[in-house]
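The values are calculated or read from the model by the stated rules, or taken from the named source; none is laboratory data. Bear in mind the structure is a predicted one, so any value in this text is a computation, not a measurement. As a convention, Cβ positions derive from the backbone with ideal geometry for all residues, glycine included, and neighbour counts pool all protein chains shown. Side chains are part of the model used for accessible areas, which takes the heavy atoms of the whole protein and leaves out ligands, DNA and RNA. Shrake-Rupley method; radii C 1.70, N 1.55, O 1.52, S 1.80 Å.
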Amino acid sequence: MADSSAAHHGLRVVTFTANPSIDRTVALGSALARGEVQRATAASAQAAGKGVNVAKVVAAGGVATEAVLPFADEAYRSSLDADLPAGLTVIAPATVRHPRTNTTITEPDGTTTKINEPGPTLSVDDLAVATDLLVEAARGAVWVALSGSLPPGAPTDWYARLTARLKPLGCRVAVDTSDAALDAVLDALPGASFDLIKPNSDELAQLTGGDAAAFEDAAVRGDLHDIVEAASRLRDRGIANVLVTLGGAGAVLVNAEGAWHATAPRIEVRSTVGAGDSSVAGFILADVAGGSPADCLASAVNHGSAAASLPGTSLPTPADLPLTHPYVSSLSNS
Ligand SMILES: O=P(O)(O)OC[C@@]1(O)O[C@H](CO)[C@@H](O)[C@@H]1O
């Protein structure tokens, strides 16, 4: 919690949310019926975005965190301030651009449908101001997490360019993005060096040319060979830690020291929104606390599972973590 040893040692984590969002969650009492008018049983809204979510979980875990945003408006700031954990500082320039609204529809059987808007278009000035704010915040930080999709106007290789500015400061850099921005991370190798990426099976397939459905089927059967092999290829290209999240099948971590699988604790899935961000946060929290790769993997799975058991974009605090610890096995010889 707020007085963990990491906080005492003054360690600091920074997150960057390139395209923040107000997450609106609409709960349905019956299955989603396309083309019909349906009544929601509940609705809520939270200031979010991938880096903000990571920051909330890291701060709740007791490590001082700064969440840098390229833009925010009054409504977003006040929504964020309403549930800001202790130890989290938000840094956003004065530029007023309105964050997008991303809509999540949840059905009683746990199915989550998400519709994400593109976000406002950033100018060259917006990009320069945000870059300066991030680089300034990152001085002295142990980890920087660059998270989420890029807003219109940002170059697809923005994360690679930012990483080139951040690494000389001595911080470790995690990148969690998708689509063209994810391809650009790979294209920047081996010149750039990233410390953590967290692909799910779709993203692993996108990055390695594999088949996402085959990865998922194999993971459910407990056959992790192809996943480890694909993740190892990414590691060989210069990504220090490749954390592949596999939903109910747990997660795989590949780094220079080996490869591991962690089972996922049994939970009732309420909303998977924020589960990936919580996994990144869990990994960082364990690493900051001096944990082994297996500890980092277990913490990633625990935090991701806890997030999936919570509604909407609610994010886990230490009190929400599953009581059963994931079982971690070494896959180095598989
Ligand atoms: O459009 P992106 O940036 O890829 O994802 C944005 C988003 O889906 O990610 C978070 C959950 O991970 C949500 O808070 C947010 O709505």
Listed residues S78, S147 arranged by accessible area, highest first, probe 1.4 Å
S78, S147
Contour minus Cα-Cα span, D236 to R161, at 0.36 nm per residue, comes to 24.9 nm
Once both labels are modelled 7 Å past Cα along the beta-carbon direction, what's the T121-S292 spacing in nm?
5.3 nm
First measure r as the distance between the Cβ atoms of A256 and H325, then evaluate 1/(1 + (r/R0)^6) with R0 = 35 Å and state the FRET efficiency to the nearest 0.05.
0.90
One finds the C-alpha centres of segment 81-114 and segment 188-225 to be spaced, in Å, by 27 Å
If you average the C-alpha positions of segment 136-178 and of segment 241-307 separately, how far apart do those two centres end up, in angstrom?
21 Å
Straight-line reach check, K56, cutoff 13 Å on alpha carbons, 8 or more apart in-chain or any other chain, hits among aspartates and glutamates -> E66, D81, D83, D277
Report the full-extension gain for the segment A82 to D183: residue separation times 0.36 nm, less the Cα-Cα distance, to one decimal in nm.
32.8 nm
Rounded to whole Å², per residue accessible area for the chain with a 1.4 Å probe reads 42 Å²
Using mean Cβ contacts within 10 Å as the protection proxy, how do 322-329, 21-28, 39-46 order, highest first?
21-28, 322-329, 39-46
If I require 20 Å or longer along the helix axis, counting alpha carbons, and a Kyte-Doolittle average no lower than -1.0, what helices from the chain are left? Use full DSSP H segments.
124-138, 293-308
Under 18 Å Cα to Cα from K50, which lysines show up? Leave out anything in the same chain fewer than 8 places away.
K114, K198
Contour minus end-to-end for H225 and D132, with contour as 0.36 nm per residue of separation and end-to-end as the Cα-Cα distance?
29.3 nm
Which percent of the accessible heavy-atom area of segment 6-331 goes to carbon and sulfur, probe 1.4 angstrom?
52 percent
Backbone HN-Hα couplings from phi across segment 243-257 [Karplus 6.51/-1.76/1.60, Hz, Gly and Pro as x]:
9, 9, 8, 10, x, x, 8, x, 7, 10, 10, 10, 8, 4, 8
Give the accessible area for D202 in Å² (nearest 10); use a 1.4 Å probe, count only protein heavy atoms, and leave out ligands, DNA and RNA.
90 Å²
From the backbone phi of segment 139-153, what are the Karplus-calculated ³J(HN,Hα) couplings (6.51 cos²θ - 1.76 cosθ + 1.60, θ = phi - 60°) in whole Hz, Gly and Pro given as x?
4, x, 7, 7, 10, 10, 9, 9, 10, x, 6, 9, x, x, x
In Hz, Karplus ³J(HN,Hα) per residue of segment 102-107 (6.51, -1.76, 1.60; θ = phi - 60°; x = Gly, Pro)
9, 10, 10, 10, 10, 10
What is the spin-label model distance, in nm, from R266 to R139 if the labels are put 7 Å beyond Cα along the C-beta direction?
5.3 nm
Quick check on packing: order 265-277, 184-196, 108-120 by the mean number of other C-beta atoms within 10 Å, highest mean leading.
265-277, 184-196, 108-120
From a point 7 Å beyond the Cα of D73 in the direction of its Cβ, which residues of segment 117-159 have a backbone N at a distance under 17 Å?
117-123, 151-152
